[in-house]
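A short write-up of the structure that comes next.
The values are calculated or read from the model by the stated rules, or taken from the named source; none is laboratory data. Here the structure is a predicted model, which means the values were calculated and not measured. Cβ atoms come from the backbone with ideal geometry, glycine included; neighbour counts cover every protein chain shown.
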């Protein structure tokens, strides 16, 4: 997994202009699915998704 192809939760929230809590809720609801970082289990988001979103 190459991290430069992903946004952290904070970065994704900033790009979208939404709160981190909103992104967590969207992940739970299936609106914007996060990938889990293998070691830490943190949510990360593929940058390619944001081109479409």
**Request:** Could you list, in sequence order, all residues of region 36-48 that are outside any loop (DSSP other than H, G, I, E, B) and either touching a strand residue (DSSP E or B) at 6+ places or on another chain (Cβ under 9 Å) or modelled with pLDDT of 90 or more (or both)?
**Result:** 36, 43, 44, 45, 46, 47
**Request:** Identify, by number, the condition in (1) without any contact (Cβ under 8 Å) to a residue 24 or more places away in the chain; (2) surrounded by 11 or more Cβ atoms within 10 Å (Cβ to Cβ) that residue 21 doesn't meet.
**Result:** (2)
**Asked** So residue 33 fits all but one of (1) surrounded by fewer than 14 Cβ atoms within 10 Å (Cβ to Cβ); (2) under 10 Å from the mean Cα position of the chain (by Cα); (3) modelled with pLDDT of 95 or more; what number is the exception?
**Response** (3)
**Prompt:** When you scan region 18-30, how many residues do you find that are assigned to a loop (DSSP other than H, G, I, E, B) and modelled with pLDDT of 95 or more?
**Reply:** 2
